[in-house]
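The values are calculated or read from the model by the stated rules, or taken from the named source; none is laboratory data. What you see is a predicted model; the values in this text were computed from it and never measured. Cβ sites come from the backbone with ideal geometry, for glycine too, and all protein chains shown count toward neighbours. Areas reflect the complete protein model, heavy atoms only, side chains present, ligands, DNA and RNA absent. Shrake-Rupley method; radii C 1.70, N 1.55, O 1.52, S 1.80 Å.
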Amino acid sequence: MIPQIKFGTDGWRSNIAGDYTFESVKRCAQGFSHYLNNLDSENNKVIVGYDKRFLSEHFAKSAAEVLAGNGFHVFLTDDATPTPVISFAVVNKKAIGAVNITASHNPATDNGFKVRDENGGAIAPDGLITIESLIPSEITNVKTIPYNDAFNQGLIEVFDPAPDYIAHIENLIDLDPIRQAGLKILVDSMWGNGAGWFPRLLSGGKTVIEEIHNVRNPLFPEMGRPEPIPPNVDVGLREVVKRKFDVLLINDGDADRFGLGDENGTFINQLQVFGLLAYYLLEVRNFRGPIVKTLSTTSMLKILGKIYSVPVYETGVGFKYVAPKMVETDALIGGEESGGFAFRGNVPERDGILAGLYILDLMVKLDKKPSELLDLLFSTVGPHYYDRIDQKFSGDRQSKIDMITNSNPKNIAGLKVTEFSDTDGFKFSFEDGGWLLIRFSGTEALIRVYCETTHKDKVQAILNAGLIIAGLNKKID
């Protein structure tokens, strides 16, 4: 049976040797080739990169063979490469788009096929639908040229994207003060593409940088998956305390997402990091420009927007919404709940490397440890507390959607509901500026319940209320 390929937020992900096979990758590459050809552009350059998962470099060669077979000049990275570096290469090489063989933060059993546009950013939802519709159902409809033939004919060119990316980063931030600050930095590369990048960028001064999980291991031991949130990051948090380091920087498997641990081994969540990054750009760097946030991330950004007189735009969940809005508004920063942040002057793509460098620069410029930076942020916008529950469900999805839509609560956990939105999921806004969001997974029978509030003691009550609204819990604990 021929696997049905459904594109999600960034492209397609599935189980290796299940639906994710060499034939499926070639079919995806053919669909993307049709999409690019239909753009009627004279540009025939495409970037292809890959991560450190099982067989990724071979899947990347298969994609390159198909793109070459469809008349494109393929620039294939010479090694496993961070997603933000691949995205920058699109702009730097003036390419029409990119294919990235990665499943990002998914479990070890998966691999993926990400696509990018000419800006190096995520392709908008209508474009993803078009690509999906152009994927041939039969492998016989795929055009391909054997790799060695394509390479010898100059249709596939292997290149190193790192030097140009590093030169670009050095135009965005002065790295020397970080090198000379004498910081002790621990980096958790989560067995992924971010390994070696912070030492490469910051070595040569008084600052000490050490890494963990920095070799290739597609099984991702010591973590459930290479996603930069607890409990996957617990080893790194313990090591920070044990080694008496100042900070823990964390990248996911393809280094487009960023996580942060403080000097006490406490995880600083993604919403708090978004607030810190926005504060850094607005207050410390004195930049101005719009902020783009998904509806599932922090309300602290709205407060910062008012303080610094910059507009804040809210989008659906995923960089397929964030990236186009950033391009449209020339945004200063864009981000999402999962730890992906993009910045003006860079490509409209999540960059976990640049996010980490900006946090380090914030530490150096203000001479503060991460816990002190969070206290400073809270002194500016007020304390905000966040958590999330993912829970499987059985039965009919539509009945649960109807239950949520018709719930119409006036109060949740003692907080007055001031607004309801069903733009992307179901969001209930509160009088304190906080919110409850209920969203269904697009790929499995799973409901995600998120909340943020200024009341630390109400977080679990709000989450449990969300489960009740969705018909998954009978009472609040």
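Of the residues Ala95, Ala103, which single one is touching a Phe, Trp or Tyr at 6+ places or on another chain (Cβ under 8 Å), in a loop (DSSP other than H, G, I, E, B) and buried (at least 22 other Cβ atoms within 10 Å of the Cβ)? Break it down stepwise before answering.
Details: Ala103 fails: touching a Phe, Trp or Tyr at 6+ places or on another chain (Cβ under 8 Å).
Exactly one residue qualifies, and that residue is Ala95.
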Pick out the one residue from Leu172, Leu155 that is surrounded by 14 or more Cβ atoms within 10 Å (Cβ to Cβ), over 20 Å from Leu202 (Cα atoms) and among the aliphatic types (A, V, I, L, M). Leu155
For the stretch 308-331, which positions are more than 17 Å from Thr423 (Cβ to Cβ) and touching a Leu at 6+ places or on another chain (Cβ under 6 Å)? Tyr308
Considering residues of the stretch 19-38 that are open to solvent by 40 Å² or more (accessible area, probe 1.4 Å) and not in a helix (DSSP H, G or I) only, the residue nearest to Gln4 (Cα to Cα): Asp19
I'd like to know if the stretch 397-411 contains one or more residues that are open to solvent by less than 60 Å² (accessible area, probe 1.4 Å) and touching a Lys or Arg at 6+ places or on another chain (Cβ under 9 Å). no
Please name all residue pairs, on different chains or six or more residues apart, with Cβ atoms under 6 Å, provided the first residue is in the stretch 245-264 and is touching a residue at least 24 places away in the same chain (Cβ under 8 Å) and outside any loop (DSSP other than H, G, I, E, B) and the second residue is of a type outside the set (A, V, I, L, M) and open to solvent by 10 Å² or more (accessible area, probe 1.4 Å). Gly261/Phe267
With respect to the numbered conditions (1) free of Cβ contacts under 8 Å to residues at least 60 places away in the same chain; (2) touching a strand residue (DSSP E or B) at 6+ places or on another chain (Cβ under 7 Å); (3) on the phi < 0 side of the Ramachandran plot, which one is the sole condition not fulfilled by Lys94? (3)
Scanning for something surrounded by fewer than 20 Cβ atoms within 10 Å (Cβ to Cβ) and either aromatic (Phe, Trp, Tyr) or farther than 17 Å from Arg116 by Cβ (or both), does the stretch 330-340 turn up at least one residue? yes
Cβ pairs under 6 Å, 6+ apart, first in the stretch 204-224 and under 11 Å from Leu183 (Cα atoms), second of a type in the set (Val, Ile, Thr): Ile209/Ile185
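Condition first: closer than 11 Å to Glu132 by Cβ and assigned to a loop (DSSP other than H, G, I, E, B). Now tell me which residues in the stretch 1-18 satisfy that.
Filtering the stretch 1-18 for residues closer than 11 Å to Glu132 by Cβ gives 4-8, 11-12.
Selection gives Gln4, Ile5, Lys6, Phe7, Gly8.
Within the bounds of the stretch 441-455, is there any residue that is touching a Ser or Thr at 6+ places or on another chain (Cβ under 8 Å) and modelled with pLDDT under 90? Lay out the reasoning, then the answer.
Looking only at the stretch 441-455, we keep the residues that are touching a Ser or Thr at 6+ places or on another chain (Cβ under 8 Å), and these are 445, 447-448, 450, 452.
Those still in the list that are modelled with pLDDT under 90 too: 445.
The answer is yes; a qualifying residue exists.
Within the stretch 115-126, is there a residue that is out of contact with any helix residue (DSSP H, G or I) (no Cβ under 9 Å at 6 or more places or on another chain), of a type in the set (A, V, I, L, M) and either open to solvent by 20 Å² or more (accessible area, probe 1.4 Å) or closer than 18 Å to Asp351 by Cα (or both)? Full working, then the answer.
If we filter the stretch 115-126 for residues that are out of contact with any helix residue (DSSP H, G or I) (no Cβ under 9 Å at 6 or more places or on another chain), which is where we start, we get 126.
Pick out the ones that are also of a type in the set (A, V, I, L, M) and you get none.
For the stretch 115-126, residues out of contact with any helix residue (DSSP H, G or I) (no Cβ under 9 Å at 6 or more places or on another chain), of a type in the set (A, V, I, L, M) and either open to solvent by 20 Å² or more (accessible area, probe 1.4 Å) or closer than 18 Å to Asp351 by Cα (or both): absent.
Being in contact with an Asp or Glu (Cβ under 9 Å, 6 or more places away or on another chain), modelled with pLDDT of 95 or more and within 22 Å of Thr77 (Cα to Cα) is the requirement here; does Tyr147 meet it? Quick ask: steps written out before the conclusion?
Numbers: in contact with an Asp or Glu (Cβ under 9 Å, 6 or more places away or on another chain): yes; modelled with pLDDT of 95 or more: yes; within 22 Å of Thr77 (Cα to Cα): yes.
Taking the combined requirement at face value, the residue satisfies it.
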Evaluate the stretch 46-64: report whether one residue or more is assigned to a helix (DSSP H, G or I), open to solvent by less than 20 Å² (accessible area, probe 1.4 Å), over 15 Å from Ile139 (Cβ atoms) and among the polar types (S, T, N, Q). yes
